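Working notes, structure below.
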Amino acid sequence: MKLICSKSELQKSVTISLKAVSSKTTMPILECILINASGSEITFTSNDMELGIETKVHGIIEEKGMVALDAKLFSEIIRKLPDSDVVIKTDDKLNTTITCEKAKFTIPGRDGEDFAYLPVIERNDGIVLSQYTLKEVIRQTIFSIAANENNKLMTGELFEIKDNILKVVSLDGHRIAIRKIELKENYKDRKVVVPGKTLNEISKILSGEVEDQVQIFFTDNHIVFEFDDTVVVSRLIEGEYFRIEQMLSSDYETKIKINKKEFLNCIDRATLFVKEGEKKPIIITIEDNQMVLNINSQIGSMNEDIDIMKEGKDIMIGFNPRFLIDALKVIDDEEITIYLVNPKAPCFIKDENESYIYLILPVNFNTAR
């Protein structure tokens, strides 16, 4: 095999491929990137058996062939090469020489036939979104998935298509994030749970441009994202997702409208008094048309008030400030509406059309100040 590619093209393709390279495996072949130039195109493939990526590489094939190279080493070599054309050549023993200007590296390769290829998946009934929309939907929900794997379903996000609305849901036991997107075409109803890791990696690869599209295909066990020169295949998380409808009550005793930026900045200042890992609540008192935020800790206290528009009852309620910050950061509206029931019930931050809903559970606090 002999290929000629620009360093920038190789760097881009390797960066994408690395996202599906296994870091902990008993199968050394999964630590490799497969370079396949046996046909008319050059492709890089990586696969950790949960997530697989195949991306096209623009370059010249002088001699056809295929080799699997240690991903980490190959990536580091490409990264440190001069910005020039790179020649990748293998001999009959799969020893691979990488040459760029005066730099020359030789590393051992593995037989590409041993590589774990991506599963062949029929692409039927796919939905189409702009890359911008998908990237935004992930950004606005991914923070609510669970970090540990005690409940596997909580480490993923629900993708549900119903009545031509794509609903994306994440939850971790303390909060729920929901985004709804109106689809432009008619699609059949379906419901799958996509691993958070997959969505995180997809988000990093997407261009985020409104004009660029991504096609999404579903099977019983896999989801496929196809965009630009890249195909990403991921296993789905098995199991019945949580029935969140019963948690989304429309009842409220208190409704407030508040400037989002002012609210976010105020909570952010309050976190100066919360040490890393400390569970210190921010106490919110709503009286008349004023919200008072208070936090007390061993290193100090803060008290600040914000003007609001209020309907309904006065209330005092405590929250983990980090949960409020996470939700507020991803809302683009200048003014937000918050719905509250009582100090023990979750609050809802949502817009009129419910294109986004953020549910946050309150925390107990000591009223003595």
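The values are calculated or read from the model by the stated rules, or taken from the named source; none is laboratory data. Please read all numbers here as calculations on a predicted model, not as lab measurements. Every residue, glycine among them, receives a Cβ derived from its backbone with ideal geometry; neighbour counts consider all protein chains shown.
Here are the numbers for this structure:
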quantity: Complete set of residues in region 224-244 that are more than 23 Å from Leu134 (Cα to Cα) and among the charged types (D, E, K, R); calculated: Glu240, Arg243
quantity: Which listed residue, of Thr96, Thr155, is out of contact with any Asp or Glu (no Cβ under 7 Å at 6 or more places or on another chain) and among the β-branched types (Val, Ile, Thr); calculated: Thr96
quantity: Counted residues, region 58-93 - those being in a loop (DSSP other than H, G, I, E, B) and among the basic types (Lys, Arg); calculated: 2
quantity: Residue count, region 192-220 (criterion: under 24 Å from Asn148 (Cβ atoms) and of a type outside the set (A, V, I, L, M, F, W, C)); calculated: 8
quantity: When residues of region 151-190 are limited to those that are within 18 Å of the chain's Cα centre (by Cα) and among the β-branched types (Val, Ile, Thr), the one farthest from Ile223 (Cα to Cα); calculated: Ile176
quantity: Single match in Asp220, Asp251 (criterion: part of a loop (DSSP other than H, G, I, E, B) and closer than 21 Å to Ser355 by Cα); calculated: Asp251
quantity: Residue list for region 1-33, filter: under 13 Å from Ile88 (Cβ atoms) and part of a strand (DSSP E or B); calculated: Lys2, Leu3, Ile4, Cys5, Ser6, Ile33
quantity: Selection status of Val214, buried (at least 16 other Cβ atoms within 10 Å of the Cβ) and in contact with a Leu (Cβ under 7 Å, 6 or more places away or on another chain); calculated: yes
quantity: Qualifying residue in region 68-91 (condition: among the polar types (S, T, N, Q), within 18 Å of Lys102 (Cα to Cα) and surrounded by fewer than 20 Cβ atoms within 10 Å (Cβ to Cβ)); calculated: yes
quantity: Members of region 243-275 found to be within 25 Å of the chain's Cα centre (by Cα) and either under 17 Å from Glu287 (Cβ atoms) or among the acidic types (Asp, Glu) (or both), listed by number; calculated: Glu245, Asp268
quantity: Residues located in region 267-325, provided they are in contact with a Pro (Cβ under 7 Å, 6 or more places away or on another chain), farther than 21 Å from Leu340 by Cβ and in a helix (DSSP H, G or I); calculated: Thr271
quantity: Filter result (buried (at least 19 other Cβ atoms within 10 Å of the Cβ) and not in a loop (DSSP other than H, G, I, E, B)) within region 106-129; calculated: Gly112, Ile127, Leu129
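Every residue, every condition in (1) assigned by TED's automatic domain parsing to the domain that holds Ile317; (2) farther than 20 Å from Ile331 by Cα; (3) assigned to a loop (DSSP other than H, G, I, E, B), yes or no:
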position: Glu211; (1), (2), (3): no, yes, yes
position: Val214; (1), (2), (3): no, yes, no
position: Glu238; (1), (2), (3): no, yes, yes
position: Ile256; (1), (2), (3): yes, no, no
